[in-house]
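Single-structure report; data block below.
The values are calculated or read from the model by the stated rules, or taken from the named source; none is laboratory data. Keep in mind it's a predicted model, so treat the numbers as computed, not measured. Neighbour counts are summed over all protein chains in view; Cβ atoms, including those assigned to glycine, are modelled from backbone coordinates with ideal geometry. For accessibility, only protein heavy atoms count, side chains too; no ligands or nucleic acids. Shrake-Rupley method; radii C 1.70, N 1.55, O 1.52, S 1.80 Å.
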Amino acid sequence: MSDYQLKDREKAILRFVIHQFILTANPVGSRNISKKYNIGLSPATIRNIMADLEELGYLDHPHTSAGRVPTDKGYRVYVDSLMEPPYLDRKMKEVIDANLSAHSSYETDDLLKITTGILSNLTDQLAMVTYPKIEQAKLERIQIVRLSSTRILVVVTIQSGLIRTITLELDAEIDEENIETVQLYLNERLSGLKFSEIRSTIAERIKDIDETKYKPIVRVFLDSVDRIFTDISGDKVVVKGAKNILKQPEFADHEQFQSVIELIENKDIIIHVLDKKRQTQKDDLVISIGKENQDEKLSEYSMITKEYKIGDLEGTVGIMGPKRMNYSKIIAAVVYIANQLTEELTKQR
């Protein structure tokens with residue numbers, strides 16, 4: 001049965017059922033298809049084809065309705081071969097371009113948050129952007145800025161252009177000259193190393209910087225190495241758009257409403273699914289539908305994600321929403337925003 005090839009009439013009816021369900025969120029009947037689409041088939045013939053599609057697992061038949069709804073399998077065939085090619089109209093592109101350009105001077109962290117909001121507003125879905133994983137990023141340089149006699153600002157620049165800043169408290173007073181010397185030592189011994197290498201070998205690499213006047217700075221670097229040389233954001237993912245996704249009729253149901261709120265509050269579920277996809281999928285555009293998400297809490301949702309890049313580092317931009325979504329438009333929006341975000345971040349390097 002899994003090798004069965006849909007006939008042209010079956011493909012057409014499946015496409016029309018999904019189109020109507022996306023538009024109305026109501027189960028679709030044969031009479032509705034007959035009236036809406038001029039396909040030269042009687043309601044009875046359409047009904048028989050829909051029954052065949054149900055038997056094949058592409059449609060389902062809710063108990064409370066005479067109409068039918070798509071299954072995960074039906075949506076998968078639709079996305080792979082039946083929907084219109086992804087297309088984003090010029091007006092939407094202009095909105096994206098204007099918003100990203102207006103914030104192009106922002107720090108990477110802020111720009112990613114702004115991008116998430118733009119994507120959610122355009123698609124009326126839950127939008128998410130994961131921060132680049134910088135475990136394998138290479139350190140370009142360290143700058144140490146004296147804020148007071150016992151406080152320093154550490155500015156970490158990696159070779160892809162990302163910058164991380166962190167404020168550290170010292171247990172003794174230090175002067176500007178000592179800071180410059182330690183900064184020179186650190187750059188000589190750590191520049192060009194991966195963050196993971198720095199965390200595991202820093203103690204050995206700077207053990208001979210033992211003059212008393214340098215010890216407060218060296219000690220705070222050793223104590224704070226996990227904070228300094230780790231991911232750019234502790235959050236790892238930005239999720240926005242609760243007010244947008246809750247406009248969808250699916251969330252009139254209290255249980256569904258609660259489920260989406262739980263997902264927003266527990267971002268670890270989303271991070272886990274995205275990380276797993278990045279490990280198993282070779283394509284940088286991934287569309288997962290319902291149970292393909294491999295987490296029960298996401299079985300009623302679809303996720304569309306695409307990689308963006310900052311040099312040799314990669315993050316993910318995407319949306320999550322009800323399986324009943326305008327796949328063509330949303331895929332186009334995700335792809336365009338990911339590409340534009342890559343372009344803006346490249347300019348900042």
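Summary table below
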read-out: Protection-proxy order for peptides 238-251, 51-64, each taking the mean of Cβ atoms within 10 Å per residue, highest first; value: 238-251, 51-64
read-out: Answer label for Cα extents along the principal axes in Å (calculated), chosen among (1) 90, 38, 37; (2) 152, 50, 39; (3) 102, 53, 35; value: (1)
read-out: Nearest-0.05 FRET efficiency for LYS347 and ASN26, computed from C-beta distance (R0 56 Å); value: 0.75
read-out: Relative contact order (%) - the chain, alpha-carbon pairs under 8 angstrom, separation at least six; value: 20 percent
read-out: Sum of -39500 (n - 2.57) over DSSP H runs of 4+, divided by residues of the chain (222 nm, nearest 500); value: -14500 deg cm²/dmol
read-out: In degrees, nearest ten, helix 90-102 long axis to first principal axis of the chain (Cα); value: 20 degrees
read-out: Given charges at beta-carbon only (K, R positive; D, E negative), |dipole| of the stretch 127-178 in Debye; value: 420 debye
read-out: Over 26 Å between alpha carbons, listed pairs LYS91/LYS247; LYS36/LYS93; LYS93/LYS267; LYS138/LYS236; value: LYS36/LYS93; LYS93/LYS267
read-out: Three semi-axes of the equivalent ellipsoid, the stretch 31-167, Cα gyration tensor, whole Å, largest first; value: 54, 18, 13
read-out: Full-extension gain in nm, HIS61 to ASN48, via 0.36 nm per residue minus C-alpha separation; value: 3.4 nm
read-out: Burial order of peptide ranges 178-189, 121-132, 144-155, 300-311 (average beta-carbon count within 10 Å, highest first); value: 121-132, 300-311, 178-189, 144-155
read-out: Theoretical FRET efficiency, 1/(1+(r/R0)^6), r = Cβ-Cβ of ASP171 and ILE264, R0 41 Å, to 0.05; value: 0.55
read-out: Protein accessible area in the stretch 1-101, 1.4 Å probe - carbon and sulfur %; value: 49 percent
read-out: VAL95 versus ARG9: modelled label distance in nm, points set 7 Å from Cα along the beta carbon direction; value: 4.1 nm
read-out: For the stretch 52-127: accessible area per residue (Å², 1.4 Å); value: 51 Å²
read-out: Nearby aspartates and glutamates by direct alpha-carbon distance to LYS347 (threshold 18 angstrom, same-chain neighbours under 8 apart not counted); value: ASP97, GLU107, ASP109, ASP110, GLU140, GLU307, ASP312, GLU314
read-out: Global form of the stretch 104-186, assessed from the alpha-carbon gyration tensor, a/c cut-off 1.5; value: prolate
read-out: Between helix 254-265 and the chain: long-axis angle, C-alpha atoms, 0 to 90°, nearest 10; value: 20 degrees
read-out: On Cα atoms only, tilt of 267-280 relative to the major axis of the chain in degrees; value: 80 degrees
read-out: Linear extension gain, ASP284 paired with TYR87, 0.36 nm per residue minus alpha-carbon span; value: 69.1 nm
